[in-house]
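Presented below is the structure to which this report refers.
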Amino acid sequence: MSHREPFPSESSPAPSAYDRERLAVQRLLDGARRIETELGKAIVGQREVIEQLLLALLSGGHCLITGAPGLAKTLLVKSIARIFHLHFQRIQFTPDLMPADITGTEILQDEAGERRLTFVKGPIFANIILADEINRTPPKTQAALLEAMQEHQVTAAGQRHALEEPFFVLATQNPIEMEGTYPLPEAQLDRFMFNVVMNYLPEAEEVEVVKRTTAAPPPPIEALFTGDDVLQFHETVRQVPIAEEMIRFAVQLAAASRPNQPGTPDFVNQWVSWGAGTRAGQFLVLGAKARALLQGRAHVTVEDIRTLAFPVLRHRVLLNYRAEAEGVRVDDVTRRLLETVKPPVGP
């Protein structure tokens, strides 16, 4: 049975904005379980990672993912792209990669005896980009990706070229070997909505992975949505209501991570050299709205914000040498912040 809107006839008025939003919500809720079923054809476990990637996609944000090689990062992103019927491209970042290698370049072509420069689009002209090992390419190339992430366009020879919509970047970093890499600047890190950590699977799930990958190929993943649906979901997520107290709680969490400010906890002053900016509060609220919608709720709860505090703050809070010497991690600081900043009374 189709969940799409009926085609309006002359006798039936066009659906209102409210009706379109209601139908979009219903389509997403009906498809939520099917998304899990379709991803289960190719992916075992990693529920938290899948949820965070879906929340970012529904919110229109980008993700930075940290994980060791061989954890099916590429397969996961390709599977999500197939479910939403989006154009997928994987770019392997290397030290010799130039901006034109990802954005595209102008070439001289001979057309009907006349020579002219024609822009040839690079691999970044897709809906979902997997930027593999982004920290292995020089800052010049990283900056080209930054423009695409922030402006949804690329500039070549002074000309601006709009990217396909929706546009979603998943950049990976290998945490094992950092020698000879180019750490991402804080300004670019701040553009990522979430920093998703992908860990090794439990033994039972790893056994299932080995069993599947050494047997017959899994059934193909079915497309459930389209790019237009994703754009509609972006609008719908922003319409989810949220109490001002919840927004204040998100802002207070981000503000409490900034050292040497009035009311900053002592442990932040001791361990943190730089705290989260305004984007942290924005992404906490936007992600919480998407999480509420995906779970079939019409309002945001404290638990939504608390759950997303870890992926939102993980790459925005910079620890100092004292924290490193004491073995303190960013997630430890976030956990202390959630214990210190009091949430509003209510759901």
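How many residues, within region 263-295, are in contact with a Ser or Thr (Cβ under 6 Å, 6 or more places away or on another chain), touching a residue at least 60 places away in the same chain (Cβ under 8 Å) and in a loop (DSSP other than H, G, I, E, B)?
Residues in region 263-295 being in contact with a Ser or Thr (Cβ under 6 Å, 6 or more places away or on another chain), touching a residue at least 60 places away in the same chain (Cβ under 8 Å) and in a loop (DSSP other than H, G, I, E, B): 1 in total.
From the residues in region 145-158 that are touching a strand residue (DSSP E or B) at 6+ places or on another chain (Cβ under 7 Å) and touching a residue at least 40 places away in the same chain (Cβ under 8 Å), which one is surrounded by the most Cβ atoms within 10 Å (Cβ to Cβ)?
Residue satisfying both the conditions and the ranking: Leu145.
Which one of these does Ala204 not meet: (1) small (Gly, Ala, Ser); (2) assigned to a loop (DSSP other than H, G, I, E, B); (3) exposed (fewer than 13 other Cβ atoms within 10 Å of the Cβ)?
(2)
For region 247-285, enumerate the residues that are within 23 Å of Ala56 (Cβ to Cβ) and in contact with a Gly (Cβ under 7 Å, 6 or more places away or on another chain).
Ala250, Val251, Ala254, Ser257, Phe283
Looking only at region 75-84, decide whether some residue is of a type outside the set (A, V, I, L, M, F, W, C) and either part of a loop (DSSP other than H, G, I, E, B) or within 19 Å of Gln188 (Cβ to Cβ) (or both).
First, pick out the residues of region 75-84 that are of a type outside the set (A, V, I, L, M, F, W, C): 78-79, 82.
Subsequent filtering for residues that are either part of a loop (DSSP other than H, G, I, E, B) or within 19 Å of Gln188 (Cβ to Cβ) (or both) retains none.
Within region 75-84, not a single residue is of a type outside the set (A, V, I, L, M, F, W, C) and either part of a loop (DSSP other than H, G, I, E, B) or within 19 Å of Gln188 (Cβ to Cβ) (or both).
Which numbered condition trips up Arg82, out of (1) among the charged types (D, E, K, R); (2) touching a strand residue (DSSP E or B) at 6+ places or on another chain (Cβ under 7 Å); (3) over 23 Å from Pro183 (Cβ atoms)?
Of the numbered conditions (1) among the charged types (D, E, K, R); (2) touching a strand residue (DSSP E or B) at 6+ places or on another chain (Cβ under 7 Å); (3) over 23 Å from Pro183 (Cβ atoms), the odd one out for Arg82 is (2).
Do we find that Asp96 is at pLDDT 75 or above, more than 15 Å from the chain's Cα centre (by Cα), at negative phi and not in a helix (DSSP H, G or I) in this structure?
yes
Could you go through region 239-261 and let me know if any residue there is within 28 Å of Leu86 (Cα to Cα) and not hydroxyl-bearing (Ser, Thr, Tyr). Don't jump to the end; show me each part of the working.
Just the residues of region 239-261 that are within 28 Å of Leu86 (Cα to Cα), to begin with: 239-240.
Applying the additional criterion that residues be not hydroxyl-bearing (Ser, Thr, Tyr) yields 239-240.
Scanning region 239-261, I find at least one residue that is within 28 Å of Leu86 (Cα to Cα) and not hydroxyl-bearing (Ser, Thr, Tyr), so the answer is yes.
Ala215 passes all but one of (1) within 23 Å of Val44 (Cβ to Cβ); (2) in a loop (DSSP other than H, G, I, E, B); (3) under 18 Å from the mean Cα position of the chain (by Cα); (4) of a type in the set (A, V, I, L, M); which number fails?
Here Ala215 clears every test but (3).
If you take the residues of region 296-344 that are in a helix (DSSP H, G or I) and of a type in the set (Asp, Glu), which of them is surrounded by the fewest Cβ atoms within 10 Å (Cβ to Cβ)? Can you show your working first?
Taking region 296-344 first, the residues in a helix (DSSP H, G or I) are 302-313, 321-325, 330-340.
Those left that are additionally of a type in the set (Asp, Glu): 303-304, 324, 331-332, 339.
Details: Glu303: 14, Asp304: 25, Glu324: 11, Asp331: 15, Asp332: 15, Glu339: 9.
Result: Glu339.
Being in contact with a strand residue (DSSP E or B) (Cβ under 8 Å, 6 or more places away or on another chain) and surrounded by fewer than 17 Cβ atoms within 10 Å (Cβ to Cβ) is the filter here, so list the residues in region 190-201 that pass it.
Taking region 190-201 first, the residues in contact with a strand residue (DSSP E or B) (Cβ under 8 Å, 6 or more places away or on another chain) are 192-199.
Once the filter is applied, which keeps residues that are in contact with a strand residue (DSSP E or B) (Cβ under 8 Å, 6 or more places away or on another chain) and surrounded by fewer than 17 Cβ atoms within 10 Å (Cβ to Cβ), region 190-201 yields only Asn199.
Identify all residues within region 106-121 that are assigned to a strand (DSSP E or B) and farther than 16 Å from Leu163 by Cβ; write none if there are none. Spell out how you get there, then give the answer.
Narrowing region 106-121 to residues assigned to a strand (DSSP E or B): 106-111, 114-121.
Glu106, Ile107, Leu108, Gln109, Asp110, Glu111, Glu114, Arg115, Arg116, Leu117, Thr118, listed by residue number.
So in region 46-75, with the set limited to residues that are of a type in the set (S, T, N, Q) and in contact with a helix residue (DSSP H, G or I) (Cβ under 6 Å, 6 or more places away or on another chain), which one is farthest from Val285 (Cα to Cα)? Working first, answer last.
Looking only at region 46-75, we keep the residues that are of a type in the set (S, T, N, Q), and these are 46, 52, 59, 66, 74.
If we keep only those that are in contact with a helix residue (DSSP H, G or I) (Cβ under 6 Å, 6 or more places away or on another chain) as well, we get 52, 59.
Numbers: Gln52: 14, Ser59: 10 Å.
Per the stated criteria, the residue is Gln52.
If only one of Gly60, Gly67 is in contact with a His (Cβ under 6 Å, 6 or more places away or on another chain) and buried (at least 19 other Cβ atoms within 10 Å of the Cβ), which one is it?
Numbers: Gly67 fails: in contact with a His (Cβ under 6 Å, 6 or more places away or on another chain).
Result of the check over Gly60, Gly67: Gly60.
Could you grab me the full set of residues in region 201-218 that are more than 17 Å from Lys73 (Cβ to Cβ) and of a type in the set (S, T, N, Q)?
Once the filter is applied, which keeps residues that are more than 17 Å from Lys73 (Cβ to Cβ) and of a type in the set (S, T, N, Q), region 201-218 yields only Thr214.
Kindly indicate whether Gln252 is in a helix (DSSP H, G or I) and not assigned by TED's automatic domain parsing to the domain that holds Arg329.
Details: in a helix (DSSP H, G or I): yes; not assigned by TED's automatic domain parsing to the domain that holds Arg329: no.
No; evaluated as a whole, the condition is false for this residue.
Which residue pairs have Cβ atoms closer than 9 Å, lie 6 or more positions apart in sequence or on different chains, and pair a first residue in region 107-123 that is of a type outside the set (A, V, I, L, M) with a second residue that is part of a loop (DSSP other than H, G, I, E, B)?
The qualifying pairs are Phe119/Ala157.
Applying the selection to region 100-140, what residues are within 19 Å of Gln173 (Cα to Cα), in contact with a helix residue (DSSP H, G or I) (Cβ under 9 Å, 6 or more places away or on another chain) and surrounded by 15 or more Cβ atoms within 10 Å (Cβ to Cβ)?
Ile102, Ile124, Ile128, Ile129, Leu130, Ala131, Asp132, Ile134, Asn135, Thr137
The values are calculated or read from the model by the stated rules, or taken from the named source; none is laboratory data. Every value quoted in this text rests on a predicted model; they were computed, and no experiment measured them. Ideal geometry is used to build each Cβ from the backbone, glycine not excepted, and the neighbour counts take in all protein chains shown.
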